[in-house]
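A.B. asks: Pasting in a structure now, in structure tokens, and then I'll have a few things to ask.
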Amino acid sequence: MAKPKIGIFDFACCEGCQLQIVNMEEDLLNLLALVDPVEWREAMSDQSDHYDIAIVEGSITRDEDAERLRKVRESADYVIALGACATIGGVNKLQNNFAIEDVQVMVYGDAANMPHLASTPAQAIHEVVKVDYMVHGCPIDAHELTHVVRCLLAGKQPVMPDYPVCVECKMKENGCRYEYGEVCLGPVTRAGCDARCPSNGFWCFGCRGYVDDPNLEAAASVMEQYGKTLDDLKSKMALFGSAQEHKL
Amino acid sequence: MMSATELSQVRDIYLPQKATVTEIYSMTETEKFFRFHLEEGEAFDYMPGQFMEVSVPGFGEAPISISSSPTRVDKTTFEMVIRKAGNVTTALHALVPGEPVGLRGPYGTHFPVEDAMKGKDVVFVCGGIGLVPVRSAIHYVLDNRDQYGEVTILSGTRSPEDRLFTEELYEWKTRSDITFLETVDKADARWGGTVGVITTLLKRIQINPANTVVIVCGPPIMYKFVLLELRKLNVDNSQIYVSLERHMRCAVGKCGHCQINGLYACQKGAVFNYADIVDVKEAI
Amino acid sequence: MNIKRVTEKEFAAWVDALTPKHTLYAPQAKEDRFAFDRLTAGEDLRLDYDVSILPPKKYFLPQKEVLIKFDRKGNFESVIAHEPFVLFGVHPYDFVAMDQLNTIFEQDNYDVHYMARKEAATVVVSDVQVASADVFAGCMGNATVEDRDGYDVLLTRLDDGSYVVETRSEKGEVLTGLLSSAVDADEVTLQQREQVWNRTREQLQKHKLEMTPEQIPALLDKSYDHPLWAEKAELCHSCGSCNLVCPTCYCFTVEDELNWDMETGQRYRQWDGCMLTGFATVTGNHNFRDKKEARYRHRYYRKGKYVWDMIGEIACVGCGRCISACTTNIANPVEVFNQLSEEQQ
Amino acid sequence: MSRTVDINVKHVTRVEGHGNIVVRATDGVIEKNEWQVPEAPRYFEAMVVNRHYEDIQTIVSRICGICSVTHSLAAIKAVEDALDVQISQQTDKLRILTHYGEQIESHSLHVGYLVAPDLLGQKSVVPLAASHPDVVKTVIAIHKVGNAMMEKLAGRKTHPVRLVPGGFAMLPKASDLRELKAMLEAAIPEAKKLGEVVHSLAGALPDFSRDTEYVALVDGESYPFYHGQIGSTDIDKPVPVHDFEQVANEYVVAQSTAKWARWNRDSYCVGALARFNVNGDYLLPLAQETAKMFGLERGCANPFMNNVAQVVEIVHVMERSLQIIDELLTAGIQYERPDVQAKAGNGVGAVEAPRGILFHRYEFDDKGICTRANICIPTNQNHANIQKDFEAFVPQFIDREQDEVRLMMEMLVRSYDPCISCSTHFLNVEFV
Ligand SMILES: Cc1cc2nc3c(=O)[nH]c(=O)nc-3n(C[C@H](O)[C@H](O)[C@H](O)COP(=O)(O)OP(=O)(O)OC[C@H]3O[C@@H](n4cnc5c(N)ncnc54)[C@H](O)[C@@H]3O)c2cc1C
Ligand code: SF4
Ligand code: SF4
Ligand code: SF4
């Protein structure tokens, strides 16, 4: 691919994943040597109507956003979902635990019915359009994004790990959070983050989504042994788990 | 303790040698034929049934069987047939003549063309891409035809379009000093031959079990059925050789991926005497 | 070669003298656990560690290691590290494990990447001062290593805080040469050391193996179809923690990566684990060990039989790391072997 | 022939989140002149309901990637307030240091990546990197220090994980602090350089002033970001943070998914310029010097000077960070683990986000489960002020070229460093 045109788009999210691109500092210049950003609202004023690669951040929470996303999809050869909001719905899906009308009243009170506040349950990008590649994480790791971009440029399929975070956590030589009496989602969460949270003394809250075949029963069965309850586990899984805790 | 200079003399088992693609063409929709030529350095001594690690820099390495026979090409040339399956093989398919690859090897055991097969009747049973490594042994045997007894080649593919080396198949078919039988799982309008899985061919041949060596190579599911048929034909397990594929990352007995129970397939295989693995539970 | 008795103070001064001269990797506190890390100040040394989170094998077989540099024109070049370093304070069971890996990486196909590190290392073994919660090296015959070879210095702390420092090789002498002022160990000292060893062998049995280690291969020979594998594996996350913390595990994967220039890159190897779901998967998604119980069983066979068949050693040294690492509590080798043996009778 | 101006900037670029500018005028008569916020609404106050106290900061950090440390800290302070948790001095200092990291990161991002292109006549930092590589390198050097502080202290650049109720999930090592110290020392000259660049371009900032109320945290002895009560240029006696709802009177307007706020006047302003106007006397020497260089004095009512105040603040927090690091190194890092017990309670946390004062309030039941939340965000507090600025600013140059009008208005919006995705949720709605 000759210097591909890249567009970066954001939907409901904190824009922290885009920020990781800016945070690449000098490496950003390396990236710019390989790709040609033609649209990136947060950082530049230009716009375009074709993209070799569209990088999409955020969840879809309104019909008009779904429409905008479809347009992006139509104008792009590859779509990369960037970060947890885009790949699994992220924290946005917490709102799906409530009826949308209730959430609106909770937040906007009497104004909840104003038309411009209309919204739908949060969806990940792939629930609306076809996604070619996912860069997981909340926020993403810029190295992973650039790895994916470099692979795509080389014509190589980037390999996404399907083993749990524990693998990387062990390699980082951490004491396991369970030994501290905490509930960690590492054993069921897809690796690729270098176990960032456990390596900083914090349990894994599952921002990369689950491995293909998570053993949730195993996770549940050991709660008592650590002085925890099933509800403790469920409440951790609820944070990024796209309501998968309901499977337990 | 070895000094730095001493260590630098030691051969790095992971270091590929540069080679060039000298020929490449499509054989089927998913398989391409390759001829690689070693650029410099030593020639690799190899025997039929062995494999090499083929590198495309940036994409990785894959174990690939040598399909040519040392009786036909010099030891700096290797013919291979590669199925497009993932990153490395897709990158290989994208190469054009003159482009570089890396080669290291040869690795693994080989078909007993120089020992157990000598003087015996030989039956080759090949399923699909399993023909690729066996072709090396077939060439070897045909080039030393007088040293073996009856030679029978059985080949099965999914469909007529999946047939590899069609010209050679035609040549084998027309040779009078060997028996060649072929079948496809699913025929098309032009196919006039046998239809059915490979075991149907086994039922059609006569063998002298005491004096026959059987070589089996094909996809994982093929082995069970073929071996069952061979048992019916009273072929002793020690007369049967199978070539088994496993996930490999190093091909030098370290990485652990290819282990079949305790056996490293890259070292004790890929060609196994069936008697040695009949009790190895993960083998077949 | 020589055995010295070194006072606590002399010992500390010795370590202080070593740190600026050598690249030392030694056990240190990591939060409230212990890990081997570069030692820059003698006061950070913690020879009273119970167990390091990862075994010191990481210095011979790093978590991720570049093997080859390449460019896309087909030039390949080996990357081999051989900067000398001192592995200081290795526990006996970890030394036994290292020794095993040395054999495996040396024999058949000499792995120059591993061996270069091994050759560059000076290994200082330190007898265990504090037993970890799950250690059972005492049952495996690996609580002490006085009758083994292959390391350079052996440290044993006596009850009064002084150390017996035994130099076992020329490499070791380079380090212990700085201890010239210390006295040679007398008969009494050696007896005291003997007592420490006896005690250690007793203490490092937090789990009790109901057989001798040499009986394990035969036991496994008979246990392939035992229901235990499926029962235990039910709770397995396929998380590989038990593999990754194990001093005798050495499986790895190899990958290529391209640099920013898209022209050059490197081939690296990285730890892998046979407990991970895709470990034995080949093209076409055929997984030769697709059931959890098959992977679970494989690990125990690796530990108790396959390596034994290869080099005549049990590939479990009794460090107990896998026991603590497994969040669902199913990775205890002693429990598995005992249960298999009970149910054989 | 009548002359019309018809500006419809859908989604102002180079700001965080989605905001629109709509101006319509015929022959100099302004018919419409609006700052609109159409960002997709997010429902954080609902999302934290039913969640455990120890998960609150993890959730609300995701309100905003650019000020995730600030949101985490506000939430943690509120939780600790509700649960009566005492924290150590070490924790306090480390948190302030982390928070400074975010001020440096966010301010340099804003001034360097988002505003500098305007001042240097470029459309974004991408061509700027080619046209003014030195400027971009300076910005990167400063930006990196801010990120390094957050990464070393909070575990990550964005969405901290070490910041938890009761203290730190993991403590930095002394060597980490020494590394940061060296980085900061090297960065102060870079910060001065940035000040000089901005100063040389300050002439490009429009000369526009509109008197308004400025609101910031005050403690009467320093230039606070993390502690303090609510102060204002309009009143003398500060208001306790527990009463923040009396200050930030929020109301919904049709042009925005985010709400507006007012206190002693129709609108008020928060952010770097507000902090400077309220606390400017407490700046450390180097920062004082920097302010002087720009001629920035308390009482400045030019919103464009917010960019300058940000540069001054970068210098101030760098100076202060060095002092704190020395204090921590002298005392030595003590190993401690957070100790928090669940109980029922209601707590408030107030901290200064880079773009202004931020309030979080939570209520917990006796199991530590959140039952109610209220979050009041700086950009919300500024929206009304931006609209009032529009109303005063636009008539002054409505007869100019439309493109020029549009650029000036975009620059005005950008000068506030609005964080729009933050601002799309609130409680206690009141209709106008
Ligand atoms: C001894 C031996 C001889 C072989 N001979 C031939 C041959 O002559 N022609 C031919 O086309 N293929 C042959 N193969 C298979 C070939 O090696 C694989 O198809 C190839 O490695 C896939 O690599 P890839 O990078 O293209 O796919 P990848 O992208 O690596 O992988 C596709 C999938 O296959 C798995 N995989 C990885 N490595 C291997 C591996 N070594 N073997 C099987 N699966 C793997 C991956 O985990 C993944 O799930 C042989 C394999 C072995 C072990
Ligand atoms: S801390 Fe979490 S990720 Fe790490 S090993 Fe333990 S369970 Fe796995
Ligand atoms: S199997 Fe477990 S106890 Fe044995 S050596 Fe490995 S980690 Fe240690
Ligand atoms: S540590 Fe436990 S759960 Fe993880 S793979 Fe090993 S046995 Fe399974």
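A.B. asks: For region C:321-345, name all the residues that are within 16 Å of ligand 2 (Cβ to nearest atom) and either in a loop (DSSP other than H, G, I, E, B) or within 13 Å of chain B (Cβ to nearest Cβ) (or both). It would help to see each step written out before you state the result.
C.D. replies: First, the residues of region C:321-345 that are within 16 Å of ligand 2 (Cβ to nearest atom): C:321-331.
C:Cys326, C:Thr327, C:Thr328, C:Asn329, C:Ile330, C:Ala331, listed by residue number.
A.B. asks: Out of the residues in region B:176-190 meeting the condition of being assigned to a loop (DSSP other than H, G, I, E, B) and surrounded by 14 or more Cβ atoms within 10 Å (Cβ to Cβ), tell me which one is farthest from the chain's Cα centre (by Cα). Please lay out each step first, then the result.
C.D. replies: So in region B:176-190, the residues assigned to a loop (DSSP other than H, G, I, E, B) come out as B:176-178, B:185-190.
Now narrow it down to the ones that are surrounded by 14 or more Cβ atoms within 10 Å (Cβ to Cβ): B:178, B:185, B:187.
Values: B:Ile178: 20, B:Asp185: 21, B:Ala187: 25 Å.
Per the criteria, the residue is B:Ala187.
A.B. asks: Could you tell me whether A:Val135 is over 30 Å from C:Lys30 (Cα atoms) and modelled with pLDDT of 95 or more?
C.D. replies: The answer is yes for A:Val135.
A.B. asks: Let me ask you something else. Is there a residue in region B:47-55 that is closer than 19 Å to A:Ala154 by Cβ, away from ligand 2 (no atom under 16 Å from the Cβ), surrounded by 17 or more Cβ atoms within 10 Å (Cβ to Cβ) and not hydroxyl-bearing (Ser, Thr, Tyr)?
C.D. replies: Checking region B:47-55: at least one residue is closer than 19 Å to A:Ala154 by Cβ, away from ligand 2 (no atom under 16 Å from the Cβ), surrounded by 17 or more Cβ atoms within 10 Å (Cβ to Cβ) and not hydroxyl-bearing (Ser, Thr, Tyr).
A.B. asks: A further question on this structure: Could you give every pair whose Cβ atoms fall below 8 Å, whose first residue belongs to region B:1-26 and is facing another protein chain (nearest Cβ under 7 Å), and whose second residue is modelled with pLDDT under 75 and part of a loop (DSSP other than H, G, I, E, B), counting only separations of at least 6 or pairs across chains?
C.D. replies: Every condition considered, the pairs that remain are B:Val10/B:Met2.
A.B. asks: Separate question: Scan region A:173-197 residue by residue and report those that are within 12 Å of chain D (Cβ to nearest Cβ) and among the charged types (D, E, K, R).
C.D. replies: A:Arg177, A:Glu182, A:Asp194, A:Arg196
A.B. asks: So, in region C:77-102, how many residues would count as being within 12 Å of another protein chain (Cβ to nearest Cβ) and either in contact (Cβ under 8 Å) with a residue 12 or more places away in the chain or of a type in the set (Ser, Thr, Tyr) (or both)? Full working, then the answer.
C.D. replies: Restricting attention to region C:77-102, the residues satisfying the condition of being within 12 Å of another protein chain (Cβ to nearest Cβ) are C:77-84, C:101.
Remaining after also requiring either in contact (Cβ under 8 Å) with a residue 12 or more places away in the chain or of a type in the set (Ser, Thr, Tyr) (or both): C:78-84, C:101.
Total satisfying the criteria: 8.
A.B. asks: Out of region D:181-200, which residues are surrounded by 14 or more Cβ atoms within 10 Å (Cβ to Cβ), over 23 Å from the mean Cα position of the chain (by Cα) and away from chain A (no Cβ under 14 Å)?
C.D. replies: D:Lys181
A.B. asks: One residue is enough: does region C:24-37 have a residue meeting the conditions away from chain A (no Cβ under 14 Å), of a type in the set (Ser, Thr, Tyr) and closer than 19 Å to C:Pro84 by Cβ?
C.D. replies: Scanning region C:24-37 turns up no residue that is away from chain A (no Cβ under 14 Å), of a type in the set (Ser, Thr, Tyr) and closer than 19 Å to C:Pro84 by Cβ.
A.B. asks: Could you tell me which of the residues C:Asp99, C:Asp94 is touching a Gly at 6+ places or on another chain (Cβ under 6 Å) and charged (D, E, K, R)?
C.D. replies: Working: C:Asp94 fails: touching a Gly at 6+ places or on another chain (Cβ under 6 Å).
On inspection, the qualifying residue turns out to be C:Asp99.
A.B. asks: Checking A:Lys71 against (1) in a helix (DSSP H, G or I); (2) at the interface with chain D (Cβ under 9 Å from one of its Cβ atoms); (3) out of contact with any helix residue (DSSP H, G or I) (no Cβ under 9 Å at 6 or more places or on another chain); (4) farther than 17 Å from D:Tyr43 by Cα, which single condition isn't satisfied?
C.D. replies: (2)
A.B. asks: Also, quick follow-up: Looking at region A:160-196, which of its residues are among the small types (Gly, Ala, Ser) and more than 8 Å from ligand 2 (Cβ to nearest atom)? Before the answer, list the steps.
C.D. replies: Step one: list which residues in region A:160-196 are among the small types (Gly, Ala, Ser), which gives A:175, A:181, A:186, A:191-192, A:195.
Of everything in region A:160-196, those that are among the small types (Gly, Ala, Ser) and more than 8 Å from ligand 2 (Cβ to nearest atom) turn out to be A:Gly181, A:Ala191, A:Gly192.
A.B. asks: Okay, moving on. Keeping to region C:44-72, report how many residues are without any contact (Cβ under 8 Å) to a residue 24 or more places away in the chain and either of a type in the set (Phe, Trp, Tyr) or surrounded by fewer than 16 Cβ atoms within 10 Å (Cβ to Cβ) (or both).
C.D. replies: Qualifying residue count for the region: 1.
A.B. asks: Among the listed residues C:Val282, C:Val254, identify the single one that is within 16 Å of ligand 1 (Cβ to nearest atom), at pLDDT below 95, under 23 Å from B:Pro16 (Cα atoms) and within 12 Å of chain B (Cβ to nearest Cβ).
C.D. replies: Numbers: C:Val254 fails: at pLDDT below 95.
Criteria check complete, one pass: C:Val282.
A.B. asks: Is it the case that some residue within region A:198-211 is within 16 Å of ligand 1 (Cβ to nearest atom), surrounded by fewer than 24 Cβ atoms within 10 Å (Cβ to Cβ), at the interface with another protein chain (Cβ under 8 Å from one of its Cβ atoms) and closer than 28 Å to C:Lys64 by Cα? Walk me through how you get there before you give the answer.
C.D. replies: As a first pass, look at region A:198-211 and keep what is within 16 Å of ligand 1 (Cβ to nearest atom): A:211.
Pick out the ones that are also surrounded by fewer than 24 Cβ atoms within 10 Å (Cβ to Cβ) and you get A:211.
Cutting the leftovers down to at the interface with another protein chain (Cβ under 8 Å from one of its Cβ atoms) gives us A:211.
Now drop any that are not closer than 28 Å to C:Lys64 by Cα, which leaves A:211.
Yes, region A:198-211 contains at least one residue that is within 16 Å of ligand 1 (Cβ to nearest atom), surrounded by fewer than 24 Cβ atoms within 10 Å (Cβ to Cβ), at the interface with another protein chain (Cβ under 8 Å from one of its Cβ atoms) and closer than 28 Å to C:Lys64 by Cα.
A.B. asks: For region C:311-331, indicate whether the set of residues that are out of contact with any Lys or Arg (no Cβ under 9 Å at 6 or more places or on another chain) and either over 28 Å from C:Phe34 (Cα atoms) or within 16 Å of ligand 1 (Cβ to nearest atom) (or both) is non-empty.
C.D. replies: Yes: one or more hits.
A.B. asks: Follow-up. Could we say that C:Ser223 is within 16 Å of ligand 4 (Cβ to nearest atom), crowded, with 17+ Cβ neighbours inside 10 Å, more than 10 Å from chain B (Cβ to nearest Cβ) and of a type in the set (S, T, N, Q) here? Working first, answer last.
C.D. replies: Details: within 16 Å of ligand 4 (Cβ to nearest atom): no; crowded, with 17+ Cβ neighbours inside 10 Å: yes; more than 10 Å from chain B (Cβ to nearest Cβ): yes; of a type in the set (S, T, N, Q): yes.
Spelling it out, it is not the case that C:Ser223 is within 16 Å of ligand 4 (Cβ to nearest atom), crowded, with 17+ Cβ neighbours inside 10 Å, more than 10 Å from chain B (Cβ to nearest Cβ) and of a type in the set (S, T, N, Q).
A.B. asks: Of C:Arg299, C:Arg289, which residue is in the same structural domain as C:Ser238 (by TED's automatic domain parsing) and either within 17 Å of A:Lys170 (Cβ to Cβ) or within 12 Å of ligand 4 (Cβ to nearest atom) (or both)?
C.D. replies: Values: C:Arg289 fails: either within 17 Å of A:Lys170 (Cβ to Cβ) or within 12 Å of ligand 4 (Cβ to nearest atom) (or both).
So the residue among C:Arg299, C:Arg289 that is in the same structural domain as C:Ser238 (by TED's automatic domain parsing) and either within 17 Å of A:Lys170 (Cβ to Cβ) or within 12 Å of ligand 4 (Cβ to nearest atom) (or both) is C:Arg299.
A.B. asks: Does D:His159 satisfy being buried (at least 21 other Cβ atoms within 10 Å of the Cβ) and part of a helix (DSSP H, G or I)? Give the derivation first.
C.D. replies: Working: buried (at least 21 other Cβ atoms within 10 Å of the Cβ): yes; part of a helix (DSSP H, G or I): no.
Here the answer is no, as D:His159 does not meet what is asked.
A.B. asks: In region A:173-185, which residue that is over 20 Å from D:Leu163 (Cβ atoms) and either crowded, with 24+ Cβ neighbours inside 10 Å or of a type in the set (D, E, K, R) (or both) is farthest from ligand 1 (Cβ to nearest atom)?
C.D. replies: That would be A:Glu179.
A.B. asks: Please indicate, with yes or no, whether at least one residue in region B:254-264 is touching an Asp or Glu at 6+ places or on another chain (Cβ under 9 Å) and farther than 30 Å from B:Asp12 by Cα.
C.D. replies: No - not one qualifying residue is present in region B:254-264.
A.B. asks: Name every residue in region A:159-171 that is surrounded by fewer than 18 Cβ atoms within 10 Å (Cβ to Cβ) and either of a type outside the set (A, V, I, L, M, F, W, C) or within 9 Å of chain C (Cβ to nearest Cβ) (or both), in order of residue number. Reasoning before the result, please.
C.D. replies: Step one: of region A:159-171, the residues surrounded by fewer than 18 Cβ atoms within 10 Å (Cβ to Cβ) are A:159-162.
Of everything in region A:159-171, those that are surrounded by fewer than 18 Cβ atoms within 10 Å (Cβ to Cβ) and either of a type outside the set (A, V, I, L, M, F, W, C) or within 9 Å of chain C (Cβ to nearest Cβ) (or both) turn out to be A:Val159, A:Pro161, A:Asp162.
A.B. asks: Restricting attention to region D:337-374, which residues are assigned to a strand (DSSP E or B), polar (S, T, N, Q) and surrounded by fewer than 17 Cβ atoms within 10 Å (Cβ to Cβ)?
C.D. replies: Taking region D:337-374 as the starting set, the residues that turn out to be assigned to a strand (DSSP E or B) are D:345-353, D:356-364, D:369-374.
Cutting the leftovers down to polar (S, T, N, Q) gives us D:346, D:371, D:374.
Answer for region D:337-374, where residues must be assigned to a strand (DSSP E or B), polar (S, T, N, Q) and surrounded by fewer than 17 Cβ atoms within 10 Å (Cβ to Cβ): D:Asn346, D:Thr371.
A.B. asks: Is it true that some residue in region D:382-398 is at pLDDT below 80, surrounded by fewer than 24 Cβ atoms within 10 Å (Cβ to Cβ), in the same structural domain as D:Gly121 (by TED's automatic domain parsing) and not hydroxyl-bearing (Ser, Thr, Tyr)?
C.D. replies: We begin by selecting, within region D:382-398, every residue at pLDDT below 80; these are D:397-398.
Applying the additional criterion that residues be surrounded by fewer than 24 Cβ atoms within 10 Å (Cβ to Cβ) yields D:397-398.
Restricting the remaining residues to those that are in the same structural domain as D:Gly121 (by TED's automatic domain parsing) gives D:397-398.
Those left that are additionally not hydroxyl-bearing (Ser, Thr, Tyr): D:397-398.
Taking every residue of region D:382-398 in turn, at least one turns out to be at pLDDT below 80, surrounded by fewer than 24 Cβ atoms within 10 Å (Cβ to Cβ), in the same structural domain as D:Gly121 (by TED's automatic domain parsing) and not hydroxyl-bearing (Ser, Thr, Tyr).
A.B. asks: Looking at A:Asp102, A:Asp49, A:Asp65, can you tell me which residue is more than 8 Å from every other protein chain (Cβ to nearest Cβ) and either surrounded by fewer than 22 Cβ atoms within 10 Å (Cβ to Cβ) or assigned to a loop (DSSP other than H, G, I, E, B) (or both)?
C.D. replies: Of A:Asp102, A:Asp49, A:Asp65, the one residue that is more than 8 Å from every other protein chain (Cβ to nearest Cβ) and either surrounded by fewer than 22 Cβ atoms within 10 Å (Cβ to Cβ) or assigned to a loop (DSSP other than H, G, I, E, B) (or both) is A:Asp49.
A.B. asks: Sort out which residues of region B:243-265 are under 16 Å from the mean Cα position of the chain (by Cα) and more than 20 Å from C:Trp308 (Cβ to Cβ), and write them in order of number. Lay out the reasoning, then the answer.
C.D. replies: Pass one, region B:243-265, residues under 16 Å from the mean Cα position of the chain (by Cα): B:243-248, B:251, B:265.
B:Ser243, B:Leu244, B:Glu245, B:Arg246, B:His247, B:Met248, B:Ala251, listed by residue number.
A.B. asks: Could you tell me how many of the residues in region D:201-214 are surrounded by 13 or more Cβ atoms within 10 Å (Cβ to Cβ) and part of a helix (DSSP H, G or I)?
C.D. replies: So the count comes out to 3.
The values are calculated or read from the model by the stated rules, or taken from the named source; none is laboratory data. Just so we're clear, the structure is a prediction, and the values are computed from it rather than from any experiment. Please note: Cβ atoms are built from the backbone with ideal geometry, for glycine as well, and neighbour counts cover all protein chains shown.
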